[in-house]
1. Can you find, within region 74-89, the residue that is nearest to ligand 1 (Cβ to nearest atom) among those that are surrounded by fewer than 21 Cβ atoms within 10 Å (Cβ to Cβ) and outside any helix (DSSP H, G or I)?
2. Residue check: is Gly94 within 16 Å of ligand 2 (Cβ to nearest atom), in the same structural domain as Leu170 (by TED's automatic domain parsing) and modelled with pLDDT under 95?
3. Can you tell me which of (1) within 16 Å of ligand 2 (Cβ to nearest atom); (2) within 17 Å of Phe96 (Cβ to Cβ) is the one Gly149 doesn't meet?
4. Do you know which of the residues in region 43-54 that are outside any loop (DSSP other than H, G, I, E, B) and either at pLDDT below 95 or under 16 Å from Thr314 (Cβ atoms) (or both) is farthest from ligand 2 (Cβ to nearest atom)?
5. Those residues that are among the aromatic types (Phe, Trp, Tyr) and under 18 Å from Glu227 (Cα atoms), I need them from region 22-58; list them, please.
6. Can you name the residue in region 59-79 that is under 22 Å from Ile224 (Cα atoms) and over 25 Å from the mean Cα position of the chain (by Cα) and is also farthest from ligand 2 (Cβ to nearest atom) among such residues?
7. Mind checking which residues of region 141-184 are in a loop (DSSP other than H, G, I, E, B), small (Gly, Ala, Ser) and crowded, with 18+ Cβ neighbours inside 10 Å?
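The values are calculated or read from the model by the stated rules, or taken from the named source; none is laboratory data. Please read these numbers as outputs of a predicted model, since none were measured by experiment. Ideal geometry is used to build each Cβ from the backbone, glycine not excepted, and the neighbour counts take in all protein chains shown.
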Amino acid sequence: MPTPMRGDGHPSPAAISAVGLRKSYGDKTVLDGIDLRIPAGSVFALLGPNGAGKTTAVQILSTLSTADGGQAQVAGHDIATSPGGVRAAIGVTGQFSAVDGLITGEENMLLMADLHHLSKRSGRRVTAELLERFDLVDAARKPAQSYSGGMKRRLDIAMTLVGNPRIIFLDEPTTGLDPRSRHTMWQIIRELVSDGVTVFLTTQYLDEADELADRIAVLNDGRIAAEGTAEELKRLIPGGHIRLRFTDPSAYRSAAVALRETTRDDEALALRIPSDGSQRELRSLLDRLDSAGVEADELTVHTSDLDDVFFALTASTVPSRPAQSTQPTQSKEDVR
Ligand SMILES: Nc1ncnc2c1ncn2[C@@H]1O[C@H](COP(=O)(O)OP(=O)(O)OP(=O)(O)O)[C@@H](O)[C@H]1O
Ligand SMILES: [Mg+2]
């Protein structure tokens, strides 16, 4: 794994690092040796199917649970020997809401301020600031159980920020949110990162990881199956291709002869040509079609996306991607 460099050429300090983390429940091995290095001020996304161990990893790194083996440092503190140091530096928004529904949003915030030993005055100040920032001022005096899912999630994260943590763990922060609330949450996460906060995120949404994360790891069978930037992960999975569709069977046949390396779909009158989707490859393909005097009725460029990566890397635990039953590496369509 390359060590990220800061602008001054020095390696960025790791906010979170782990070597060989292991955890079993009974005879079930959940984490089977996990290595991580997450630079300060970056967003790291942990992806994986249900039950892969994402929440378990968050709980171990945030000292809510103990590992059976391996080592980890968070904010420079060892999780085993200095859990108090870790806790003082982090904020955790769990997968399931920590909001108390019986009291108001404001009271939930003030309770957190008390837990962080803030004075009454600064507790009130921080609460007011965060309620404002998370657009919860109007609802602040209402019982939290009357909040919508999105409002509860925002309150949950606002509560996490009361202690001004430099590292935050967000376990599926946008599950169950509508697209607008998800985008609001993304904006909140981006603002945190621009303030220098390190974010460790778990998510089921590949577009979320693609959108937010500097680096992504895919957890499968207790191990990190792949780790890298979204682009690096997409490159791991072949499947980019150009698809040409014809309505005239004779044009289809001529094209199949003119182009080499095609996969034919005689029923759909469609040809599939492996391609990286670059302008150069596209031009050469069109040139060959021109020389043969044939014109396709439809041309689509398909590039690998994170869904392909996810399905390819977690194939043993999820059924194959529905749309891919006949073409296992087909990917999201990008109609040009
Ligand atoms: N306290 C526990 N006792 C026993 N088994 C547990 C415990 N916590 C988690 N597990 C098991 O560990 C495995 C990983 O669970 P975990 O909650 O970490 O998965 P996850 O990746 O967060 O899944 P999801 O996407 O559904 O949230 C599961 O098989 C789960 O049943
Ligand atoms: Mg989970």
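1. In the first step, residues of region 74-89 are kept if they are surrounded by fewer than 21 Cβ atoms within 10 Å (Cβ to Cβ); the result is 75-78, 80-85, 87-89.
Going one step further and asking which of them are outside any helix (DSSP H, G or I), we end up with 75-78, 80-82.
On the way: Ala75: 22, Gly76: 25, His77: 22, Asp78: 22, Ala80: 19, Thr81: 23, Ser82: 24 Å.
Of everything passing the filter in region 74-89, Ala80 is nearest to ligand 1 (Cβ to nearest atom).
2. Numbers: within 16 Å of ligand 2 (Cβ to nearest atom): yes; in the same structural domain as Leu170 (by TED's automatic domain parsing): yes; modelled with pLDDT under 95: yes.
Spelling it out, Gly94 is indeed within 16 Å of ligand 2 (Cβ to nearest atom), in the same structural domain as Leu170 (by TED's automatic domain parsing) and modelled with pLDDT under 95.
3. (1)
4. Here the residue is Ala45.
5. Step one: of region 22-58, the residues among the aromatic types (Phe, Trp, Tyr) are 25, 44.
Scanning region 22-58 gives a single hit, Phe44.
6. Checking each candidate, the answer is Asp78.
7. Pass one, region 141-184, residues in a loop (DSSP other than H, G, I, E, B): 141-142, 147-148, 161-166, 172-178.
Within this subset, residues satisfying the condition of being small (Gly, Ala, Ser) are 148, 163, 176.
Residue satisfying the conditions is Gly163 alone.
Here's the yes/no breakdown for (1) modelled with pLDDT under 90; (2) among the charged types (D, E, K, R); (3) not in a helix (DSSP H, G or I):
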| position | (1), (2), (3) |
| --- | --- |
| Gly239 | yes, no, yes |
| Ala255 | no, no, no |
| Glu261 | yes, yes, yes |
| Leu285 | no, no, no |
| Arg288 | no, yes, no |
